[in-house]
Structures are given as structure tokens and as C-alpha cells.
Amino acid sequence: MKPRTNLILDVIIAIVFVVALVSGLPLWAGLLTGGGLPTGDSFAWLHGLTGAAMSALVFTHILFHRKWIVCQARQNCRCARRLL
């Protein structure tokens, strides 16, 4: 994977994470129960959408780095076998 592509994917994941966090905090705190504020439906919809997008983006990120993950897992398993 090219470093530029990886950077773009990481930045998009970070932006989607921030949107999910910002939309989730009012829901978690129970601040959207009325009183002139918008209902929690729009925030819940946005939070669900960004959560699904983040899941897909992280899955893509893991797919892009699968060779590195496998290599690290194999190295760690060899080290663990030597300790036993």
C-alpha cells in the first residue's frame, strides 16, 4: 500500500471517528430529550451512519495491512515457542 493512500485512509477514519464521537456524546449523556433541542433521532441516525462507515473503513485498513499483521503474528508466535 502506498504511504499516501494509507495517510488518506487514516485521515478519513479519524474524521469519521470524530463525527461519531461528537454525535454520540449527546446521546450518551441523555441531553437530547427535548427542551428546544433537536430530537435525538437525527443524532442517532448520524451516529449509526458514521459507526457503520468507520467499521467498513477499519476493515479496509486491516485488509490493506494484512501482510504486515500476518508477519508480526508469525514473529510473535516464534518468540513464544522459544520461551516455552
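The values are calculated or read from the model by the stated rules, or taken from the named source; none is laboratory data. Just so we're clear, the structure is a prediction, and the values are computed from it rather than from any experiment. Cβ sites come from the backbone with ideal geometry, for glycine too, and all protein chains shown count toward neighbours.
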For the stretch 43-81, name all the residues that are more than 14 Å from the chain's Cα centre (by Cα) and either touching a residue at least 24 places away in the same chain (Cβ under 8 Å) or under 18 Å from ALA20 (Cβ atoms) (or both).
PHE43, ALA44, TRP45, LEU46, PHE64, HIS65
Among the listed residues GLY51, GLY35, identify the single one that is out of contact with any Pro (no Cβ under 8 Å at 6 or more places or on another chain) and modelled with pLDDT under 90.
GLY35
Residue pairs meeting the criteria (Cβ under 7 Å; at least 6 apart or on separate chains; first more than 14 Å from LEU63 (Cα to Cα), in the stretch 1-13; second in a helix (DSSP H, G or I)):
ILE12/LEU57; ILE13/MET54; ILE13/LEU57; ILE13/VAL58; ILE13/HIS61
